[in-house]
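Enquirer: My structure is below; once you've seen it, I'll send some questions.
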Amino acid sequence: METKIWDMRACHNDVTQHPDIKEIKNVVEQGGLIGLPTETVYGLAANAKDEQAVSKIYKAKGRPSDNPLIVHIHDMKQLHDFTYNIDPRVIELMTAFWPGPISFILPLKEGYLCSKVTGGLESVAVRMPSHSVGRQILQAINEPLAAPSANLSGRPSPTTFEHVYHDLNGRIDGIIQANQSAEGLESTVLDCTSFPFKIARPGSITASMIEQVIPNSVVESNYNDAAQPIAPGMKYKHYSPETSLKMITDLASIAQSSMTNFSAVAFIVPKDKQRFLPKEAKFIELCNNDQDIRTANHRLYSILHDIDKNDDIKEAYIYRFELNDQTEAIINRITKAAANQSVEGREI
């Protein structure tokens, strides 16, 4: 399959005049797959009403079929087609955070979306992205699009066109080339099928931010693997580079390590932690310091992609932040990327 590239970097304010917009719409209407930019990560989009098109998503990604997909919309009016009985408090949260990096799990009205979108559940996750190009594409197509991350299943999520091209060139119909994702991590997923609500996947919209809108509305969540995942990223290995990756917290004790050759080792840590690293080790800047979480979120996946392209890096260690409301999302992603492998500095 030839994967087409539609370059929209120069027209992010108005893609409707782009000469390729009709072709993109036709591809989706005919059951094709496109790489769609959003403010979180690039999505692999197909018509959420088309069973065969959604089946192609699972095939292109090598994704388990019981892993539900998030449906992307451009207008809240579209919710009436496939959801019902939405809690008024959820509408209040949508008004506060949409368009933006949060998905809401809602009761599913059967008969509109294809069954493969929900992984057999009686609920559906929905979001409205804020990326200028991505949202305009949704408006032009005017159909709900199922769109998991546009990467091979288990690999680090894509935040740039280049990441999508590397993983899916020749496997999908086309990729929209646009600016890099601003957030860098997947959306928060909030389970709104009961109250209080539960965060099924942490993201940049935190529990405290949600509770500023609706006080006492979020209960503590458990992100451990479930027999039946209700949101992407819950059950299977995710976000992992091919390079061996482990989490590390005790950077100060690296000097006591028994390892004698650090030349092929990379440390992905905040800039203010560089002083703890052996001189021969490769330093990769994750962010400035422990408070610079937004930068860490933005850079994480690009770094995981980059270390796989560097033949001089044989193994990598990534800094594990202290857990708090702001770091919950990146710790979730790092833990899965490192397959729960963690070490203290002296044990390297």
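Enquirer: If Lys and Arg each add +1 and Asp and Glu each add -1, what is the summed charge of the other residues whose beta carbon sits under 14 Å from the beta carbon of residue 19?
Expert: -1
Enquirer: Residue 288 versus residue 264, label points 7 Å from Cα toward the beta carbon: distance in nm?
Expert: 3.6
Enquirer: Compute the acute angle (0 to 90°) between the alpha-carbon long axis of helix 328-337 and the principal axis of greatest extent of the alpha-carbon atoms of the chain; round to the nearest 10°.
Expert: The angle comes out near 80 degrees.
Enquirer: With +1 on each Lys and Arg Cβ and -1 on each Asp and Glu Cβ, how big is the dipole of the range 244-344 about its Cα centre, in debye rounded to the nearest 20?
Expert: Dipole about the Cα centre, nearest 20: 120 debye.
Enquirer: Follow-up. When only Cα pairs under 8 Å and 6 or more residues apart are kept, what is the percent relative contact order across the chain?
Expert: It comes to 20 percent, rounded to a whole number.
Enquirer: Here is a further query. Could you work out the mean projected area of the convex hull around the alpha carbons of the range 244-344, in square nanometres to one decimal?
Expert: 5.8
Enquirer: Quick check: at a probe of 1.4 Å, how many percent of the accessible area of the chain sits on carbon and sulfur atoms?
Expert: With neighbouring chains kept in place, the figure for the chain is 45 percent.
Enquirer: Oh, and also: Keeping every protein chain present and rolling a 1.4 Å probe, give me the accessible area per residue for the chain in Å².
Expert: Accessible area per residue, the chain: 42 Å².
Enquirer: OK, next. For the range 291-341, state which GluC sites (Glu not before Pro) are in a DSSP loop and have at most 14 other beta carbons lying within 10 Å of their beta carbon.
Expert: Loop-located and lightly packed - 322.
Enquirer: Nearest 5 is fine: what % of DSSP beta bridges in the chain come out antiparallel, could you say?
Expert: 35
Enquirer: Rounded to the nearest Å, what's the spacing between the alpha carbon centres of the range 96-165 and the range 274-348? Just the number, please.
Expert: Each part reduced to its Cα centre gives a spacing of 27 Å.
Enquirer: Next up: Using amide H atoms built in the peptide plane, which far-off residues or other-chain residues are under 5 Å from residue 4 H to H?
Expert: Long-range HN contacts for residue 4: 174, 175.
Enquirer: For the range 4-219, report the % of Cα-Cα distances exceeding 25 Å.
Expert: Tail fraction, whole percent: 33.
Enquirer: Along the charge dipole of the chain, which of 151, 103, 313 sits closest to the positive end, that is, farthest toward it, with unit charges on the beta carbon of Lys, Arg, Asp and Glu (+1, +1, -1, -1)?
Expert: Among 151, 103, 313, the one farthest towards the positive end of the dipole of the chain is 313.
Enquirer: Moving on to the next point. Treating the angle as unsigned and between 0 and 90°, give the value, to the nearest 10°, between the Cα long axis of helix 132-141 and the longest Cα principal axis of the chain.
Expert: 30
Enquirer: Follow-up question, since we're still on this one. What is the log10 of I(q)/I(0) for the range 1-124, computed with the Debye formula using one identical point scatterer on each Cα and no solvent, at q = 0.19 Å⁻¹?
Expert: Values, matching the q order: -1.24.
Enquirer: When the helix-only estimate is applied to the chain (DSSP H runs of n ≥ 4, each -39,500 (n - 2.57), divided by the residue count), what is the mean residue ellipticity at 222 nm, nearest 500 deg cm²/dmol?
Expert: So the helix-based figure for the chain works out to -7000 deg cm²/dmol.
Enquirer: At a threshold of 8 angstrom on Cα-Cα distance, excluding pairs fewer than six apart, so keeping six or more, what relative contact order does the range 244-344 reach in percent?
Expert: 42
Enquirer: Now for a separate question. Relative to the Cα centre, what is the charge dipole magnitude of the chain, using +1 at the beta carbon of each Lys and Arg, -1 at the beta carbon of each Asp and Glu, and rounding to the nearest 20 debye?
Expert: So the magnitude is around 340 debye.
Enquirer: Hey, what angle do you get for helix 51-61 against the long axis of the chain, alpha-carbon based, 0 to 90 degrees rounded to 10?
Expert: So the inclination is approximately 10 degrees.
Enquirer: Quick one: which residues, 5+ away or cross-chain, put their amide H under 5 Å from the amide H of residue 201? H built at 1.01 Å from N.
Expert: The list, which skips near neighbours in sequence, is 189.
Enquirer: Among 277-287, 197-207, how do they line up from the highest to the lowest mean number of other beta-carbon atoms within 10 Å?
Expert: 197-207, 277-287
Enquirer: Also, I was wondering about something else. Which aspartates and glutamates, if any, have their Cα less than 13 Å from the Cα of residue 271, not counting same-chain residues under 8 positions apart?
Expert: Correct list for residue 271: 285, 290, 292.
The values are calculated or read from the model by the stated rules, or taken from the named source; none is laboratory data. Since the structure is predicted, the reported quantities are computational estimates derived from the model, not experimental observations. Every residue, glycine as well, gets a Cβ built from its backbone with ideal geometry; the counts of neighbours run over all protein chains shown. All accessible areas refer to the heavy atoms of the entire protein, side chains included, with ligands and DNA or RNA removed. Shrake-Rupley method; radii C 1.70, N 1.55, O 1.52, S 1.80 Å.
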